[in-house]
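Just so it is clear, none of the values below were taken in a lab; they were calculated from the coordinates. Please read these numbers as outputs of a predicted model, since none were measured by experiment. FYI the Cβ positions are ideal-geometry reconstructions off the backbone, even for glycines, and counts take in every protein chain you see.
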Amino acid sequence: MESSEVAVGRAVDGALTEPLRIADQEFDSRLFVGTGKYPDNETMVEAIRASGTAMVTVAVRRVDLDRTQSEGILFHLDPDEFFLLPNTAGCYTAEDAIRYARLARAAGFTEWLKLEVIGDETTLVPDTQATLEAAETLVAEGFNVMAYTNDDLVTALRLEDVGCVAVMPLASPIGSGLGIVNPYFIREIKRRCDVPIIVDAGVGTASDACVAMEQGVDGVLMNTAIATATDPVTMAHAMRLATQSGRLAYLAGRMEAREIGIPSSPTRGMLD
Amino acid sequence: MSDRVSIQVHVNGKEREVQSGLSVHELVESLDLNPRLIVVELNREILSRDQFKDVQVSEGDAVELVHFVGGG
């Protein structure tokens, strides 16, 4: 793996080692992963390492006082080893998201936040108006807000305007594994925004991560696709390669697609 | 104030009887939690860790003890 990484890296001028910059921070991977739904914590940590990720999301919840030993995720993930990104998952109003964000910051190790305000229980698609409202408040409070949003251009532009450090349009609904349902708008959001664009949610398997990166976006964030794979560690590795492949393919510049066959071998020089 | 009197507080949404005069720090430790790994909200106000020992819980207080769990 290492040797092929070096070889392709050289071919496109160090593209794989070029860090991704978000706000004032550089990340050496374009794959961001969640920590939910793993069969156990050991598998989670191993999968996170296999993914080569530079950023790991976590959720804020009540301590379960009915358990004899209530373990938070910090027992398993050291914030000094992993760049942890708290989220506001599960919040349905701007007010709730702001409350969760402040609780996350009070833990004392990060000003970064994945802002998520859900608008619909069936599809879990975001409430873009509430997301914008919360983003504005949280940016003013000094958070580095990475905003989960719909694949909607106008919302993406507004999230950038209010000062989000990254805009994260969905590929398809959270946990659906449907892949990118609207690649055109993902490309258009990337073309029109200056902040990094991270495709967040909906990736089902490695090809989805690759297709996402081929749209030219800066990164991809996923959880369920890795955590609920039969072998999460192997899937994490596949996602790492797919993210790199998609990035390289984008940078390499793909051929034009045509709905006709064009020979690859010379048509001249055929025998009589 | 008498240490013997017990009071009712809401901890993570459930009624709990605790000793009157208990500090937030003592409450957290009595629940076997590490104060450095949790965040405390008292009546919707977040407490900084250096307030845990100084702030006492009172009758009817709503205490939320939160931490990070797995999520996407």
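Restricting attention to region A:149-188, report how many residues are assigned to a loop (DSSP other than H, G, I, E, B), aliphatic (A, V, I, L, M) and more than 17 Å from the chain's Cα centre (by Cα).
So the answer is 1.
Quick check on my filter: what residues within region A:77-87 are at the interface with chain B (Cβ under 10 Å from one of its Cβ atoms) and surrounded by fewer than 17 Cβ atoms within 10 Å (Cβ to Cβ)?
Residue satisfying the conditions is A:Pro79 alone.
List the strands (runs of 3 or more DSSP E) inside chain B, counting only whole elements, that have at least 3 residues being without any contact (Cβ under 8 Å) to a residue 12 or more places away in the chain.
B:14-19, B:62-70
For region A:187-209, give me each residue that is hydrophobic (A, V, I, L, M, F, W, C) and buried (at least 24 other Cβ atoms within 10 Å of the Cβ).
A:Ile189, A:Ile197, A:Ile198, A:Val199, A:Ala201, A:Val203, A:Ala209
Given (1) buried (at least 18 other Cβ atoms within 10 Å of the Cβ); (2) touching a Pro at 6+ places or on another chain (Cβ under 9 Å); (3) of a type in the set (D, E, K, R), where does B:Asp61 come up short, assuming only one miss?
Status for B:Asp61: all satisfied but (2).
With A:Ala140, A:Ala156, A:Ala135 as the choices, which residue is within 22 Å of B:Gly71 (Cβ to Cβ) and of a type in the set (Gly, Ala, Ser)? It would help to see each step written out before you state the result.
Numbers: A:Ala140 fails: within 22 Å of B:Gly71 (Cβ to Cβ); A:Ala156 fails: within 22 Å of B:Gly71 (Cβ to Cβ).
Residue meeting the stated conditions: A:Ala135.
Could you check how many residues of region A:243-272 are in contact with an Asp or Glu (Cβ under 8 Å, 6 or more places away or on another chain) and either farther than 30 Å from A:Val203 by Cα or not polar (S, T, N, Q) (or both)?
Of the residues in that region, 4 qualify.
Give the number of residues within region A:88-133 that are β-branched (Val, Ile, Thr), out of contact with any helix residue (DSSP H, G or I) (no Cβ under 7 Å at 6 or more places or on another chain) and surrounded by fewer than 16 Cβ atoms within 10 Å (Cβ to Cβ).
Going through region A:88-133 one residue at a time, the tally reaches 2.
Looking at A:Gly202, A:Gly261, which is the one that is farther than 30 Å from A:Thr123 by Cβ and either free of Cβ contacts under 8 Å to residues at least 24 places away in the same chain or within 13 Å of the chain's Cα centre (by Cα) (or both)?
Being farther than 30 Å from A:Thr123 by Cβ and either free of Cβ contacts under 8 Å to residues at least 24 places away in the same chain or within 13 Å of the chain's Cα centre (by Cα) (or both) holds for just one of A:Gly202, A:Gly261, which is A:Gly261.
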